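Student: I have a structure here, written as structure tokens, and I will follow up with some questions on it.
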Amino acid sequence: MSPSVLPAALRERALEGIGKLPPFSPVLTKLLASLAKDDIMVTELADWIEKDTVLTGNVMRMVNSAAYGRMGTVSSVRHAITILGTNRLRNVVLGLSVCNMMAQLKLPAGWSTKQFNLHAVAVANMSDLVVQNINVEYAEGAFVAGLLHDVGKLLLAVTCPEEYGSVIAESKREGRELFDVEMSQLGFSHAELSQKVLENWKLPIPVQVATRFHHNPDADATAPTLIALSRALQLADFTVNALGVTAVADDREAQDPAPILLAFGLGDKSERILKLFDQEMEAIRGIL
């Protein structure tokens with residue numbers, strides 16, 4: 001196959017792989033459909049979770065973990081909701097459900113599902129914390145956008161393992177961002193594929209757009225008056241990568257992420273954001 005044809009053929013192969021991704025669980029389907037709602041009824045959310053015994057067990061483990069410092073035991077999903085709130089618990093369950101779905105994929109050698117999932121959940125939590133402190137377009141979609149922003153990488157790893165392995169190797173060898181090497185070698189990026197996956201899954205358009213432009217938010221013209229969700233997502237991704245929590249293994253050393261948040265204008269809020277982030281990640285690390 002000639003070099004001029006290769007990128008198009010790879011892109012087509014990757015797009016065909018969308019239909020081979022694992023199916024949604026009933027709980028995940030309902031949670032994603034609920035994103036359009038401002039809030040969910042406690043009983044409704046509890047009923048969805050309690051129908052999945054494994055999910056319920058993981059929620060109980062997390063809420064009762066030392067990270068939350070509870071004086072007493074949380075013994076039911078409804079009790080967990082009263083402590084965390086419906087939207088926060090919905091995010092927790094979204095994260096656990098998506099990670100469980102991704103764990104069903106058979107990835108090529110050198111890929112770690114746990115590492116990928118940890119990065120996804122970390123960016124989701126950081127995105128959610130960022131939008132609580134700045135005015136962002138469609139802030140309610142920040143968590144799920146962070147959770148799924150790199151699903152295109154998994155799609156490439158599964159459908160084009162040899163070619164994508166070459167992209168990753170060059171990125172590490174030359175110290176270049178993976179996104180830039182994708183564009184130069186493949187002619188398209190994981191961000192584009194992530195958007196296509198979310199379009200196929202019928203997620204809200206603002207979430208699709210945020211994933212599409214999370215590496216180049218200057219090209220996102222969807223929020224003329226507010227900060228675009230894609231820019232908040234980029235900030236979260238940069239911050240999490242600085243902490244050394246990357247989707248694909250690399251040799252970069254962890255750095256202090258505070259300057260990244262400060263440069264974005266979060267000022268004295270940065271310390272609190274990082275403290276809350278550490279708490280959330282401590283609670284979920286043992287479950288992923």
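Student: Name the lysines eligible as straight-distance cross-link partners of Lys30: C-alpha to C-alpha under 27 Å, and not fewer than 8 places from it in the same chain.
Tutor: Lys20, Lys51, Lys106, Lys114, Lys153, Lys196, Lys202
Student: When the Kirkwood hydrodynamic radius is evaluated over all pairs of different C-alpha atoms of the stretch 23-104, what value in angstrom, to one decimal, is obtained?
Tutor: Mean inverse Cα-Cα distance, inverted, gives 12.9 Å.
Student: So how much slack lies between Thr29 and Leu276, counting 0.36 nm per residue of separation and subtracting their Cα-Cα distance, in nm?
Tutor: 86.1 nm
Student: Round to the nearest 10 and give me the degree value, 0 to 90, for the angle of helix 6-16's Cα axis relative to the longest principal axis of the chain.
Tutor: So the helix axis and the longest Cα principal axis differ by about 30 degrees.
Student: Can you give the helix-only mean residue ellipticity at 222 nm for the chain, where every DSSP H stretch with n ≥ 4 adds -39500 (n - 2.57) and the sum goes over all residues, rounded to the nearest 500 deg cm²/dmol?
Tutor: Per the formula, -18500 deg cm²/dmol.
Student: Can I ask one more? Taking a ≥ b ≥ c as the square roots of the eigenvalues of the Cα gyration tensor of the stretch 208-250, is the shape rounded (a/c under 1.5), prolate (a/b larger than b/c) or oblate?
Tutor: Since a/c reaches 1.5 and a/b is larger than b/c, the shape of the stretch 208-250 is classed as prolate.
Student: Return the inverse of the average 1/r over all pairs of distinct C-alpha atoms in the stretch 177-288, which is the Kirkwood hydrodynamic radius, in Å to one decimal.
Tutor: 15.7 Å
Student: Based on C-alpha coordinates, I'd like the Rg and Dmax of the stretch 115-236, in Å.
Tutor: Computed over the Cα atoms of the stretch 115-236, radius of gyration and Dmax are 14.2, 43 Å.
Student: A follow-up question, please. Excluding residues on the same chain fewer than 8 positions from Lys275, give the aspartates and glutamates whose Cα lies under 16 Å from its Cα.
Tutor: Asp128, Asp256
Student: Starting from a Cα-only point model with no solvent, please compute log10 I(q)/I(0) by Debye for the chain at q = 0.10, 0.11 1/Å.
Tutor: After summing over all Cα pairs, the log10 values are -0.52, -0.64.
Student: In whole Hz and in residue order, list the ³J(HN,Hα) couplings for the stretch 217-234 that follow from phi through the Karplus curve 6.51 cos²θ - 1.76 cosθ + 1.60, θ = phi - 60°; x for Gly and Pro.
Tutor: Couplings: x, 4, 8, 8, 9, 7, 10, x, 10, 10, 5, 5, 4, 4, 6, 5, 5, 4 Hz.
Every number in this text was worked out from the coordinates using simple rules, so none of it is lab data. The structure displayed is predicted, hence computed values, not measured ones.
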